[in-house]
Amino acid sequence: MHPLPIETAVVDECRALAADISGGVQRFIDAHTTVSIERTVLRAYGVDGADADGVPLVNTCVDRYLAAGGLGHGIAWWLGRALARGAANPQEAAEVLAYGSEVDDGSVGATREELLAALAPYTDAALERLDRARDKRLADRTRLGTGPTPWKYVIVATGNIYDDADQARAAAQAGADIIAVIRSTAQSLIDYVPYGATTEGFGGTWATQENFKIVRQALDDEQERLGRYLMQVNYSSGLCMPEIAYLGAVERLDMLLNDAMYGILFRDINPRRTLCDQYFSRRVIARAGIIINPGEDNYLTTADAVDSAHTVIASQFINEAFAKRAGLPDEQMGLGHAFEIDKSIEDSLLMEIAQAQLVRQIFPRHPIKWMPATKHKSGDIFWSHRVDGLYDLVGVATEQSIELLGMMTESIHTPLLQDRFAAIKGADYVFNAARHLSDEIIWNPEGRVVARARQVLDEARVLLREVQKEGMFSAIARGAFADVKRPENGGRGLGGVVEKSTAYVNPILQALEADHV
Amino acid sequence: MHPLPIETAVVDECRALAADISGGVQRFIDAHTTVSIERTVLRAYGVDGADADGVPLVNTCVDRYLAAGGLGHGIAWWLGRALARGAANPQEAAEVLAYGSEVDDGSVGATREELLAALAPYTDAALERLDRARDKRLADRTRLGTGPTPWKYVIVATGNIYDDADQARAAAQAGADIIAVIRSTAQSLIDYVPYGATTEGFGGTWATQENFKIVRQALDDEQERLGRYLMQVNYSSGLCMPEIAYLGAVERLDMLLNDAMYGILFRDINPRRTLCDQYFSRRVIARAGIIINPGEDNYLTTADAVDSAHTVIASQFINEAFAKRAGLPDEQMGLGHAFEIDKSIEDSLLMEIAQAQLVRQIFPRHPIKWMPATKHKSGDIFWSHRVDGLYDLVGVATEQSIELLGMMTESIHTPLLQDRFAAIKGADYVFNAARHLSDEIIWNPEGRVVARARQVLDEARVLLREVQKEGMFSAIARGAFADVKRPENGGRGLGGVVEKSTAYVNPILQALEADHV
Amino acid sequence: MSDVPPHKRPPELIRAYGDRKDDGRIQLSFTLPVATSGRAKEAARRFAETLGLKNILVATMEKAGTNFSFFVVYANADVQLDYSAIVVPEVTVPEWGFKEINHLVHEQIGRKVVVVGACTGSDAHTVGIDAILNMKGYAGDKGLEAYPWFDAYNLGAQVDNVALLARARELNADAVLVSQIMTQRDLHIENSQQLIELARKSGQRDLLFLLGGPRIDHKLARELGYDAGFGPGTKPSQVASYIVDVLIKRRPQAER
Amino acid sequence: MSDVPPHKRPPELIRAYGDRKDDGRIQLSFTLPVATSGRAKEAARRFAETLGLKNILVATMEKAGTNFSFFVVYANADVQLDYSAIVVPEVTVPEWGFKEINHLVHEQIGRKVVVVGACTGSDAHTVGIDAILNMKGYAGDKGLEAYPWFDAYNLGAQVDNVALLARARELNADAVLVSQIMTQRDLHIENSQQLIELARKSGQRDLLFLLGGPRIDHKLARELGYDAGFGPGTKPSQVASYIVDVLIKRRPQAER
Ligand code: B12
Ligand code: B12
Ligand SMILES: Cc1ncc(COP(=O)(O)O)c(C=O)c1O
Ligand SMILES: Cc1ncc(COP(=O)(O)O)c(C=O)c1O
């Protein structure tokens, strides 16, 4: 790849500004916990199951101690005490917390040292479980190898996990590298993780641990046949971000959509809540060796892709800074952007190239995720398929890492089996026919592509300077991203945010933070 | 456009070699005439009509004097004598020649001077007719203007001229710049031009003067509505090359497929015959201001497009040389090439770019005609449509002039109305989205594209050297082009070639040759 | 707005046009859950045959998976329609611009028009309703928020039907604007119908109800009980014109 | 080669697979000769309805010309096939290679096999027949000219049926290879059938007749009276194997 002549000083300044911006938020994060973080702690300790109404045990536990005002100590505090008081294991301890006749008021019982000691073996086991999953993934991946990049990423979204598994296999047989199972509409807004295998969903399938397992099994089986490691993706953004991250980690997911900004802007989730959740989830993800996919691409579905291109870049710098603070190496930061410029604009392809190349250059070690046209697709599937062809070409020519394949039926329905087949076959043709195109092209330094890249980068710097001055929460509130305004105290889930007490205990987080500060 | 770094010395040498090669053939051409040339002379003099069996009067005339051994003098010789003998006009004179009780044996009657004098006013009228058609085209074109290049060229091929006209209109409404009516299968092999409007054909529609007129009328009408000049194309290659050129000229066609090599290689027409015909037809075409389209693109449907790429270039140099000898300016030489590399080859797109850019650079003022993938298309219309998308991209990125749009149903049927619509809409998207892409790209001088262009040009030079040594007829006979072997004395139509006598008279040719020597 | 009643027109027979007039040539694609083989191809042919198609060409059979074959088919459909007999209700929208609309409200209604809009149910696709309501508008056409003689309230995404009606009452709204983008498993149908039922029960059906979205057309909206339906490419000024036109026509005769 | 006779298998019901098993979802596209409008869209819906389709979604209506509208439609086809009942004749071709084939001819036939091939009628598409017969072959598989135990004659393009049969007699050919690429207005059907009729009349039907081309399959070739049919992607060695296999099997019992 021949780099675009952009100033590294500008890039460096952007990075410094983003570090600063994330620092402000991090202070808030460090001082708070959330119901979903605490539920994740319980899950990490092996607490599982749901009641007859489908309410998970972890929810009942945490909600009870939230109501009782005890969550500031961390649920582990209470769990440790229950263990110290004689519960056989965390599951039993959690049942006591949830259904015991009395809420522990902390007046008598184990001291901090005693409860920590009671938790210690389970803390080790929790981390071991994450590590075992990571090691198994690594072993399979090393043994089988992956296809060349851009990796072909496709979604399945039948609503029925068994159809999903069939479609995932078919997609893999047709050449897909990565299968994402899309979640049922609005799952991100429910404050618990559903339980078990599911066969009805809308525009997607429920994200549950069992569903993750079913798809992973299908892929484990299929990848041996195909001799190529197959990757699985699901969605963690939303009110259960840390829990889904944890479930995804133990079920060996390879990538997770993971982004507080997405939840804030597109799901109206409270900014404080989801930024705290994001931090904890990324700590889990870092340890688990999963790649995150933030959702900057979505900005361009509500805001204009020409005018707001720089907001994507600015947000990527910020997302990178947040990810660093959570201990994620660059190699796990699958920052996202998209081919969303109005297709009727002259030279739109030149602007897309500029943006794709710019992102590639600014984030050189990152497994960049490149998203297709969606908003400006049409029911004319032939035309749409052609748009996807140019998208694929830009993808390979600018060396994107993960490419979500465009679907000719994007504006019509979630993909049919044949839509996915056509997309994969089409991408294979383009990637192969243009395999080394990126080595061939030197962009005219006086040309439109270079000028556009410079302009977008400059605009991103201006925006970052503003955000740094006013602070992240205020920037979000005034609609700096995606043309959407979200006040710091608005949106769903704020009630689940709790200030940590000085006694706060979270051995899982402590262990994860020890990895990389 | 940033040029590829190729050696101009090589290009110059190729051009010199081609001039030499064509010179050898030109000596043969100058010494011979053909039945179709002579029929064209009659048509130029206004001779029209056919008998009850559909045999055109011009055929009956010429065949009679061929049989009588008089064609070496040129049919004009005999026509002039009939006029001098009192025929009211050429039509009547031709009827005398065709059906008169006796064949003129030349023993008594008008002298050379007398017959030439008798012809003179009709010679002037013939040229005036050509000029009027050219002037009318020019006026319309100037008044209405044409779309930006690459011009979108589509074919219609219903077999029924009235459906053709409807489809031509629909294509123009959808955005086509150029409409070609494909000929009925194997028309090129019949030694006369059918008469009148036709409604049945196979894989195309008969090329007749009336059919030309019907389509031109539809376009004349439509272009006023659309405010954009619409171009019409038909096919002249074959046994009636000069006649169709003439009919096309008076009916204001804008382009004509015109290539002796095509007839030789793909229709097994005798090389001598069709090279003579080509010369005369191009003289007419030059005067008429029509663009020719030779058929080098076809080579890659029988020979391999990677191995034989240089044969296309070599043949283009030769075709250019022939065209120059016929007085055609560069601006009327729509040399052809094609996107025919096997789509499963890695970096096929790079090789296609190299070839397209090379042709563009070698022939800078020529309205290059760029042909789509045909042989490596498949019944998978979605995949095929995507292939056409990359083809369109290369077309605009390398600044081709005339682009025959690929059809997603290429491997299935001649295009349906909707196939053409999809192709035009798809091309519009690509051309607009990548409008200035050619300004942006500087090809890596150390890269694969540049290396490939150099290699192909070098190989073309080697081939031209060989052809120059052995002579054109011998090169064709040993299969130097398109992997097809055609001996100088084989194929159809040799019987229609006649050595000119010293008395040979052809005032039409004489006038045309006066234009440009 | 009045739906044109069906009336007699001279018959106008139409067929699909492929290569030639009336040839009926059409294209199909589908997937069968069987491995590619001669039998699979024959199954594809029979599939088309069962649909009553003639002159069937299975143009390609592709391996879409170990046990899935994808087919592209061309065939002739022996379908002939009398186009003159096809009558569909279309919304009648006056072609008024921004100024004209405000002027008409001022002159003929004499108070601000109040509209409340939302993307309802579990649907979170706000781009469509934003395009109609927000200041910015759509394709250079200003949104209803920008109209001085309109009070436009955009409740955003995933709004409950009950909440929407409550808000409409609170604001004394003239019109309720509903956006439905998700159509999977007919989500939009159920959800839109429910709103109208609720409105009937709550005595709010006299408000103007407008339904919009990429898969909405006037015909469908009418069937679902709405006053009007608006599909892809709708511009805010069209919506404003429609509302103002109806409100003016609905005024008691005396006021006019 | 023997066509497998239909026989009982357990029923195996299949439907089109779109988003979920058995949902029957399929895609269509077609053009109607009317200007784009609400009525045109409704006509498209009825068109699909007339084909018996359900749950019809007219995904797009595009202006393909002033008086032409192009449609993309998705719909459910209520078509169920018993896959087990679908039996098609398939050519049985031994999987022999170049060496093996020549060896077999040498050993078991003892003389060169003579084949004569052409692209017949008005068809000038020689690439297919060349791929089978010419030295160079196809996709790395040598053509029949390259086989020392074959005498292959390629008559090229646009060969008249009568001329082809005459040449076959002259050369004492074992097999006649016919290529048909043009299928417009069923050109290939008429032309191929005529050859077989002529062969019957001239007493040459005992020769092996092979038909090939992109729209040819074994089933069609059999229906047209040929011994075997070969479609897209055929390799020369398959053709050679087939011919040699049949010739060996046809030898009088004594010789074997
Ligand atoms: C942008 C987008 C998103 C964004 C939405 C952001 C936002 N704030 O709106 C994000 C990324 C959040 C998103 C998420 C999802 N999406 Co979405 N999304 C789209 C997309 C790409 C574009 C929609 C759009 O904005 N169009 C542009 C606007 C301007 O057009 P419009 O809505 O048609 O509006 C016009 C007219 O219809 C009309 N109109 C619309 N509403 C109204 C109302 C009134 C009163 C009037 C008068 C007029 C009117 O006027 C507008 C202007 O002309 C479509 C695909 C596509 N190309 O259509 C998928 C699509 C709609 N999404 C889809 C899905 C499945 C989802 C998810 C469920 C995926 C998942 N499982 O995660 C989620 C969940 C969302 C949810 N809970 O609803 C599917 C829906 C399938 C179906 N047929 O049901 C689609 C079709 C994509 C696909 N092929 O799978 N999505
Ligand atoms: C190359 C080509 C040409 C070349 C032919 C050069 C030549 N010497 O053959 C040229 C440019 C001359 C040409 C001209 C025309 N062509 Co053409 N051409 C094609 C094209 C692009 C490729 C065909 C090809 O070579 N395929 C590659 C070979 C290897 O594949 P194949 O033929 O299928 O052969 C394989 C098998 O089928 C099998 N096989 C074939 N024959 C046999 C025989 C036997 C015995 C056996 C065992 C096996 C066998 O083995 C082969 C190897 O696997 C097709 C479109 C397409 N992509 O298919 C159009 C196409 C066939 N042509 C078409 C038309 C209409 C024409 C013209 C009539 C156009 C015109 N009006 O000018 C002319 C006239 C030709 C004529 N008189 O026949 C149409 C036919 C429409 C139809 N369905 O009838 C097509 C489909 C294009 C289109 N969409 O319009 N054409
Ligand atoms: C970062 C991110 N998270 C999550 C989602 C999907 O979330 P939900 O399940 O809420 O629709 C997306 C979808 O685009 C996304 O980009
Ligand atoms: C130069 C040239 N002439 C003529 C033709 C068509 O000729 P015919 O009508 O003989 O098929 C072609 C078709 O590709 C061509 O390229």
>> Over the stretch C:98-255, what is the relative contact order in percent, taking alpha-carbon pairs closer than 8 angstrom and at least six residues apart?
In response: 25 percent
>> Below 17 Å, Cα to Cα, which lysines can A:LYS369 reach? Residues fewer than 8 away in the same chain don't count.
In response: A:LYS152
> To the nearest 0.05, how large is the calculated FRET efficiency for A:LYS485 and B:ALA451 if R₀ is 41 Å and r is the Cβ-Cβ distance?
Replying inline: 0.15
>> Connecting C-alpha atoms closer than 10 Å in a GNM of chain D, tell me which of D:PRO148, D:PRO236, D:PRO33 has the biggest fluctuation.
In response: D:PRO33
> Sequence-distant or interchain residues sharing an amide H contact under 5 Å with B:GLY204, placed H: which?
Replying inline: B:GLY159, B:THR185
> For the stretch B:186-200, what does the Karplus curve 6.51 cos²θ - 1.76 cosθ + 1.60, with θ = phi - 60°, yield as ³J(HN,Hα) per residue in whole Hz, taken in order and with x for Gly and Pro?
Replying inline: 6, 4, 4, 8, 9, 8, 8, 9, x, 10, x, 7, 10, 10, 10
>> Between B:ASP304 and C:GLU107, what is the label-point separation in nm under the 7 Å Cα-to-beta-carbon projection?
In response: 7.8 nm
> What nm distances, shortest first, do you get from the label point of B:ASP304 to those in the other copies when the point sits 7 angstrom along Cα to Cβ?
Replying inline: 5.2
> Across peptide C:41-47, how many C-beta atoms of other chains are within 10 Å of each residue C-beta, on average?
Replying inline: 6
> Copy-to-copy spacing for D:ASP160, label 7 Å out on the Cα-to-C-beta vector, in nm, shortest first?
Replying inline: 8.7
>> Can you tally the net charge around A:ASN89? Count Lys and Arg as +1, Asp and Glu as -1, for every other residue whose Cβ sits under 12 Å from the Cβ of A:ASN89.
In response: -3
>> Just want the answer: with Cβ charges of +1 for Lys and Arg and -1 for Asp and Glu, which residue in B:CYS14, B:VAL233, B:GLN455 is farthest toward the dipole's positive end in chain B?
In response: B:CYS14
>> Apply the Karplus curve 6.51 cos²θ - 1.76 cosθ + 1.60, θ = phi - 60°, to the phi angles in the stretch C:123-128 and return the couplings in whole Hz, x for Gly and Pro.
In response: 7, 10, 8, 8, 4, x
>> Projecting each Cα onto the charge dipole of the stretch A:381-458 (Lys/Arg +1, Asp/Glu -1 at the beta carbon, about the Cα centre), which of A:GLY395, A:LEU416, A:PHE431 comes out farthest on the positive side?
In response: A:LEU416
> Could you work out the helix-only [θ] at 222 nm for the protein assembly as shown, with each DSSP H run of four or more residues adding -39,500 (n - 2.57) and the total divided by the number of residues, to the nearest 500 deg cm²/dmol?
Replying inline: -14500 deg cm²/dmol
> Counting Lys +1, Arg +1, Asp -1, Glu -1, what net charge surrounds D:VAL116 among other residues with beta carbon under 11 Å of its beta carbon?
Replying inline: -1
>> Sequence gap at least 6, Cα distance under 8 Å: using those rules, report the relative contact order of the stretch B:1-71 to the nearest whole percent.
In response: 20 percent
>> Under the rule of at least 5 residues apart or a separate chain, name every residue whose amide H is placed under 5 Å from the amide H of A:GLY336.
In response: A:GLU296, A:ASP297, A:LYS369
> Say R0 is 45 Å: what FRET efficiency, to the nearest 0.05, do A:ARG27 and A:VAL55 get from their beta-carbon distance?
Replying inline: 0.85
> How high is the relative contact order of the stretch C:178-246, given as a whole-number percent (alpha carbon pairs under 8 Å, six or more residues apart)?
Replying inline: 28 percent
> Roughly what would the spin-label model give for D:ARG169 and D:LYS136, points 7 Å off Cα along C-beta, in nm?
Replying inline: 3.4 nm
>> 7 Å along Cα→Cβ for the label point: how many nanometres lie between B:ARG228 and each equivalent label in the other copies, listed shortest first?
In response: 4.1
> Of A:LYS343/C:LYS249; B:LYS425/C:LYS235; B:LYS377/D:LYS63; B:LYS375/D:LYS142; A:LYS425/C:LYS219, which sit over 30 Å apart, Cα to Cα?
Replying inline: A:LYS343/C:LYS249; A:LYS425/C:LYS219
> Can you sort B:ASP163, D:ASP130 by how many other beta carbons sit within 10 Å, fewest first?
Replying inline: B:ASP163, D:ASP130
> Hey, rough spin-label estimate for A:VAL10 and B:LYS213, points 7 angstrom out along Cα→Cβ, what's it come to in nanometres?
Replying inline: 6.5 nm
> If you take the charge dipole of the stretch B:149-235 about its Cα centre, with +1 on Lys and Arg Cβ and -1 on Asp and Glu Cβ, which of B:VAL181, B:GLN209, B:VAL154 is farthest toward its positive end?
Replying inline: B:VAL154
> Counting DSSP beta bridges in the protein assembly as shown, what percent are antiparallel, to the nearest 5?
Replying inline: 40 percent
> Say we join alpha carbon atoms closer than 10 Å with springs in a Gaussian network model of chain D; which of D:VAL115, D:VAL162, D:VAL244 then has the biggest fluctuation?
Replying inline: D:VAL162
>> For peptide D:48-61, what's the mean number of Cβ atoms from other chains within 10 Å of each residue's Cβ?
In response: 4
> What would the Debye formula give as log10 I(q)/I(0) at q = 0.08, 0.12, 0.13, 0.14 Å⁻¹ for the alpha-carbon point model of chain A, no solvent?
Replying inline: -0.49, -1.09, -1.26, -1.44
>> Averaged across C:81-87, how many Cβ atoms of other chains sit within 10 Å of each residue's Cβ atom?
In response: 5
> Summing +1 for each Lys or Arg and -1 for each Asp or Glu, what net charge is found among the other residues whose Cβ lies under 15 Å from the Cβ of B:GLY109?
Replying inline: -2
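Read-outs: derived from the displayed coordinates by stated rules, not from any lab. Being a predicted model, the structure only gives us computed values, none of them experimental. Virtual Cβ from ideal backbone geometry, glycine too; neighbours counted across all protein chains shown.
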